[in-house]
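Only one structure is covered here, and it is reproduced in the block below.
The values are calculated or read from the model by the stated rules, or taken from the named source; none is laboratory data. Everything quoted here is computed from the prediction, not taken from an experiment. Because the Cβ atoms are built from the backbone with ideal geometry, glycine has one as well, and the counts that use them run over all protein chains shown. Accessible surface is based on the protein model in full, side chains and every heavy atom, while ligands, DNA and RNA are left aside. Shrake-Rupley method; radii C 1.70, N 1.55, O 1.52, S 1.80 Å.
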Amino acid sequence: MIVATFIFRQHTKNDEFVELDDDIMARAIANPGFIKKNKWLSPDGHTIRVDYYFKDQDSLQVFRMDEVHRVAKKRYAEWYDGYEVEISEVMHTFGDGKL
């Protein structure tokens, strides 16, 4: 399993951003290799972390190359003060199965 983690500080959240964000999420869900998304907010409320889980590298590549996603990446400065992306491979997961 591959995780693409998007960490950012948002300065603007307008209707256009929400629509674009919703469209990107719909496209991720339509990807057969998409597993799930988790979103976290820092205790100070300024930094957001979104983890997108994919079955494999090929599924992540489809998401990465999506035309709407690419447009959003080019426009990031309209909404974010800064961002970072981490790509990780999940070697093992465990828990009680309730999440």
- Message: Compute the distance from the alpha-carbon center of segment 66-99 to that of segment 1-52, in whole Å.
- Response: 6
- Quantify, in whole percent, the carbon and sulfur part of the accessible surface of segment 1-44 (1.4 Å probe; protein heavy atoms only). 54
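Just the ratio, please: alpha-carbon radius of gyration of the chain over 2.2 N^0.38 Å, N its number of residues. Don't jump to the answer; show the numbers that get you there.
Values: Rg = 14.0 Å, N = 99, 2.2 N^0.38 = 12.6 Å.
In units of the 2.2 N^0.38 Å rule of thumb, it is 1.11.
Sorted by mean Cβ packing within 10 Å, highest first, what order do the peptides 47-56, 75-84 take? All intermediate terms of the calculation are to be shown ahead of the outcome.
On the way: 47-56: 17.1, 75-84: 13.5.
Most protected by this proxy first, the peptides run 47-56, 75-84.
Sort 85-96, 27-38, 6-17 for me by packing, meaning the mean count of neighbouring Cβ atoms within 10 Å per residue, highest on top. Provide the component values of the computation, followed by the final result.
Details: 85-96: 8.3, 27-38: 14.7, 6-17: 13.0.
Answer by packing, highest mean first, reads 27-38, 6-17, 85-96.
Determine Rg/Rh for segment 46-95; Rg is computed over alpha-carbon atoms and Rh is the Kirkwood hydrodynamic estimate from the same atoms. Kindly include the intermediate steps, with their values, before the conclusion.
Details: Rg = 13.3 Å, Rh = 13.1 Å.
In segment 46-95, Rg relative to Rh is 1.02.
Using helices alone, what [θ] at 222 nm do you get for the chain, with -39,500 (n - 2.57) per DSSP H run of 4 or more residues, divided over all residues and rounded to the nearest 500?
Value at 222 nm, helices only: -10000 deg cm²/dmol.
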- Note on the structure: Counting only protein heavy atoms and rolling a 1.4 Å probe, one gets per residue an accessible area for segment 6-99 in Å² of 74
